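Please treat every number below as a calculation from the coordinates, not as lab data. Fair warning: this is a prediction, and the values are worked out from it, not measured in the lab. Backbone-built Cβ (ideal geometry, glycine too); neighbour counts: all protein chains shown.
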């Protein structure tokens with residue numbers, strides 16, 4: 001049997017296992033379907049980019065999902081929107097909060113790199129971070145293209 005077909009079936013199986021978990025989380029709120037779809041696409045993209053075996057995928061995804069949840073908490077702390085004119089002291093405090101959150105983000109990444117090593121080899125971990133950036137760029141490009149398409153209509 002062709003290797004690519006086997007990889008496709010593995011990827012499809014993995015997606016079928018992951019998507020229901022995402023679908024059960026908070027479907028009442030608007031936009032959850034889109035978030036679920038993006039999460040499933042991210043899972044498929046990362047699985048393909050890392051060329052995960054079934055055994056690796058089974059060990060990797062629970063760790064990755066935990067990593068994503070922790071990173072989301074850290075990033076929400078960085079989502080600080082200054083209102084109006086700030087005093088110098090307020091601006092300095094704001095910058096320090098952002099820097100502290102970025103330091104925490106690096107701390108979480110270091111912690112999870114160690115955890116990822118129990119599931120996948122270091123070369124795949126290195127590829128993981130690159131794949132995350134590529135996926136984010138791909139999503140942003142799609143959003144820009146859709147917005148431009150709507151404006152043209």
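Please state, as a whole number in µm²/s, the translational diffusion coefficient that the Stokes-Einstein equation yields for the range 45-103 at 4 °C and 1.567 mPa s, with Rh defined as the Kirkwood radius across alpha carbon pairs.
Result for D is 91 µm²/s.
The packing ranking, built from the mean of other Cβ atoms within 10 Å per residue, places the peptides 122-130, 58-66 in the order 58-66, 122-130, highest first.
Going from the fewest other Cβ atoms within 10 Å to the most, the residues 36, 100, 85 appear in the order 85, 100, 36.
So how do 54, 134 line up by other beta-carbon neighbours within 10 Å, fewest first?
Placing the least packed residue first, the sequence is 54, 134.
If neighbour count is taken as other Cβ atoms inside 10 Å, put 111, 150 in order from fewest to most. Ordered by Cβ neighbours within 10 Å, fewest first: 150, 111. Counting only the Cα atoms, the range 19-140 fills a convex hull of 127 Å³ per residue.
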